[in-house]
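Beneath this line is the structure, given in structure tokens, with notes to follow.
Derivation of every value follows stated rules applied to the coordinates shown; laboratory data play no part. As the structure is a prediction and not an experimental result, all values here were calculated from the model. Glycine gets a Cβ as well: all are built from the backbone with ideal geometry, and neighbour counts include every protein chain shown.
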């Protein structure tokens with residue numbers, strides 16, 4: 001099994017700084033997308049801390065099962081971000097989302113906090129693996145708003161779970177046997193908020209991972225680029241590829 005990965009981040013059309021961060025570590029087969037929030041600098045500090053701490057934790061624990069690596073790596077990031085926020089008034093209240101993917105011992109592990117998403121493409125179909133930790137998703141699940149009301153929902157950008165806002169966080173971790181032909185897409189809501197799930201599938205199937213990824217980010221910008229846009233595509237390839 002071989003992993004082919006492509007990643008890109010873009011400031012978008014409206015923001016003055018990019019508070020997203022990503023990690024593409026092919027040697028460890030660890031991939032992370034983080035969307036930071038909080039203050040003038042807090043968001044970019046939180047997202048970068050998350051990817052740095054997760055990378056080091058994974059590097060230091062090569063024999064640990066993937067589920068534990070993502071859970072503990074994200075929670076260690078949470079502690080470090082929380083500590084940094086309490087030590088510096090300018091960073092107070094900062095936090096970040098995390099969507100992460102780790103290939104280990106024949107499995108793909110997905111770890112997630114917040115509303116950054118992971119999608120899976122397989123056999124012509126596409127599925128959202130993760131569930132958004134957001135107020136709008138809770139309202140949808142409770143039946144208090146309809147899907148067609150989401151775009152105009154007043155609090156659609158409010159997340160209900162983040163990394164670093166408190167010292168610990170509950171991490172959603174999913175596991176799937178890694179299969180040749182699987183393609184995973186990790187992205188911040190700068191992409192998923194403006195580009196539909198079927199459009200993501202169609203673009204990647206038509207143009208492949210690298211060109212498709214660039215086109216998707218271009219599409220999000222063409223539709224307003226309201227937020228920073230970060231996305232990462234991982235393909236499970238045959239060993240001889």
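Under a crude label model (7 Å from the Cα following the beta-carbon direction), how far is residue 27 from residue 157 in nanometres?
3.8 nm
Working from the pairwise distances between different alpha carbons, so that the mean of 1/r is found and then inverted, what is region 76-131's Kirkwood radius in Å?
In region 76-131 this quantity evaluates to 13.6 Å.
Arrange the following residues from fewest to most other Cβ atoms within 10 Å of their Cβ: 81, 17, 159, 126.
Fewest-to-most ranking of 81, 17, 159, 126: 17, 126, 159, 81.
What is the list of residues in region 36-64 whose amide nitrogen lies under 19 Å from a point 7 angstrom out from the Cα of residue 89, following Cα to Cβ?
Residues passing the 19 Å test: 38-43.
State whether region 73-205 is rounded, prolate or oblate according to the following rule on the C-alpha gyration tensor (a ≥ b ≥ c being the square roots of its eigenvalues): a/c under 1.5 gives rounded; otherwise a/b larger than b/c gives prolate, and the remaining case gives oblate.
It is oblate, given that a/c is not under 1.5 and a/b is not larger than b/c.
In bins 10 Å wide, starting from 0, what share of all Cα pairs of the chain does each bin hold, as a percent?
So the P(r) values, bin by bin, are 8, 33, 38, 18, 2, 0.
Would you work out the Kirkwood radius for region 130-241? I mean one over the mean of 1/r across all pairs of different Cα atoms, in Å.
16.2 Å
Distance from the Cα centre of region 179-212 to that of region 31-59, in angstrom?
23 Å
Give me 177, 117 ranked fewest to most by other Cβ atoms within 10 Å of their Cβ, as a rough exposure proxy.
177, 117
Run the numbers on the chain and let me know its relative contact order in percent, using alpha-carbon pairs under 8 Å that are six or more apart.
This gives 28 percent for the chain.
Before anything else, pin down the relative contact order of region 132-241: Cα pairs under 8 Å, at least 6 apart, normalised by residue count, whole percent.
Relative contact order of region 132-241: 28 percent.
Report the gain in length on full extension from residue 205 to residue 137: 0.36 nm times residue separation, minus Cα-Cα distance, nm rounded to one decimal.
Once the chain is fully extended between residue 205 and residue 137, it gains 21.7 nm.
Taking the Cβ of each residue in 37, 1 as the centre, tally the other Cβ atoms inside 10 Å and list the residues starting with the fewest.
1, 37
Which one, 103, 22, 155, has the greatest fluctuation when you compute a Gaussian network model over the chain with C-alpha springs under 10 angstrom?
Of 103, 22, 155, the most mobile in the Gaussian network model is 155.
Cβ neighbours within 10 Å, averaged per peptide: list 160-169, 58-67 in order, most packed at the top.
160-169, 58-67
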